[in-house]
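Each value in this text was obtained by applying a stated rule to the coordinates, not by laboratory testing. Small disclaimer: the values here were computed from a predicted structure and weren't measured. Please note: Cβ atoms are built from the backbone with ideal geometry, for glycine as well, and neighbour counts cover all protein chains shown.
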């Protein structure tokens, strides 16, 4: 039951991310501007992606991230949504 719940939560996150990207593209979403630590963002995405792939042992992922990444001044939620959408498309 826990696996089903986790899968449902991830699917909801993906749908939300896709909707957010659509709103961004349509110019209907207000975005903020804050310092976003890209290293932390990438680590969060790596953990989420590995959890998703744990249910698909036939799929592998090579995660290569430079040890030092810049801090971006952007909207954290939008950056997160776009990243998740891109990962889902691969």
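By how many nm would the segment from residue 85 to residue 72 lengthen if fully extended, with 0.36 nm per residue of separation less the alpha-carbon distance? Display every interim value, and only then the final one.
Details: separation 13, 0.36 × 13 = 4.68 nm, distance 1.88 nm.
Here the segment from residue 85 to residue 72 would lengthen by 2.8 nm.
Pairs of alpha-carbon atoms within less than 8 angstrom and 6+ residues apart define the contacts here; what relative contact order does the chain have, in percent? Numbers along the way, then the final one.
Working: 68 pairs, mean separation 43.2, N = 90.
Averaging sequence separation for qualifying contacts and normalising by length gives 48 percent for the chain.
Hey, what angle do you get for helix 38-53 against the long axis of the chain, alpha-carbon based, 0 to 90 degrees rounded to 10? For helix 38-53, the angle is close to 30 degrees.
Given the Cα-Cα distance of residue 46 and residue 22 and 0.36 nm per residue of separation, how much length would full extension add, in nm?
Values: separation 24, 0.36 × 24 = 8.64 nm, distance 2.34 nm.
Full extension from residue 46 to residue 22 adds 6.3 nm.
In the chain, the longest principal axis of the Cα atoms and the axis of helix 2-26 are about 30 degrees apart.
What is the Cα centroid distance between region 69-90 and region 1-43, reported in whole angstrom? Centre-to-centre distance over Cα atoms comes out at 8 Å.
Helix 76-89 and the longest principal axis of the C-alpha atoms of the chain enclose an angle of approximately 40°. Of 76, 30, the sequence from fewest to most neighbouring Cβ atoms within 10 angstrom is 30, 76.
Under the Kirkwood approximation for Rh and a Cα-based Rg, what ratio Rg/Rh is obtained for the chain?
Taking Rh as the inverse mean 1/r over Cα pairs, Rg/Rh reads 0.99.
Panel order for 78, 22, by other beta carbons found within 10 Å of each beta carbon, from fewest to most: 22, 78.
With both labels modelled 7 Å from their Cα along Cα-to-Cβ, the residue 8 to residue 63 distance reads 2.6 nm.
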